[in-house]
Amino acid sequence: MNFQVEPITIKEANRFVKQYHRHLRPVRGGLFSIAISQNGVLVGVIILGRPISRHRDDGQTIEVTRCCTLPNTANACSKLYGLAWRVAQILGYRRLITYSSMEESGASLRGAGYQFEGLNRGGSWHSPSRPREDHYSTAPKLIWIRKR
């Protein structure tokens, strides 16, 4: 359970996400990413960026857009979520949000001190005036938050 924190570019973190994330693809962009390793082996990454919801994009809020770890790496997700909050605070952010699917327990988030905030309604970004293809699940998701 001894993790070493390492710098990683978003491009490198996305390669890890592409290879190991269960259901999401790499992100298009972000503000920064963090990696953790064990015995010199990369075991997890977390990518943070501006909030997807324009209503939350207030300059004080940052969002975890991807958290990905190797299978069976105990406590790695909680470690990454905790690191993300500490770095966000150092950078001056007042809130950190993330989302999980209804099938995920949220244990890693609770273990890192995040609070369940509610359920978003889900839905597609597609509209007749601006057609878009949905690349991800449009189902409702659980909202989690850390704040000062």
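The values are calculated or read from the model by the stated rules, or taken from the named source; none is laboratory data. In this text the structure is predicted, and so the values were computed from the model without any measurement. Here Cβ is always computed from backbone atoms with ideal geometry, including for glycine, and neighbour counts include all displayed protein chains.
Screening segment 77-128 for residues that are closer than 16 Å to ILE52 by Cα and of a type in the set (Val, Ile, Thr) and picking the one that is nearest to the chain's Cα centre (by Cα) gives THR98. In the set ARG121, ARG95, only one residue is at negative phi and modelled with pLDDT of 95 or more; that residue is ARG95.
Scan segment 10-49 for residues that are surrounded by 12 or more Cβ atoms within 10 Å (Cβ to Cβ) and not hydrophobic (A, V, I, L, M, F, W, C) and the total you get is 14.
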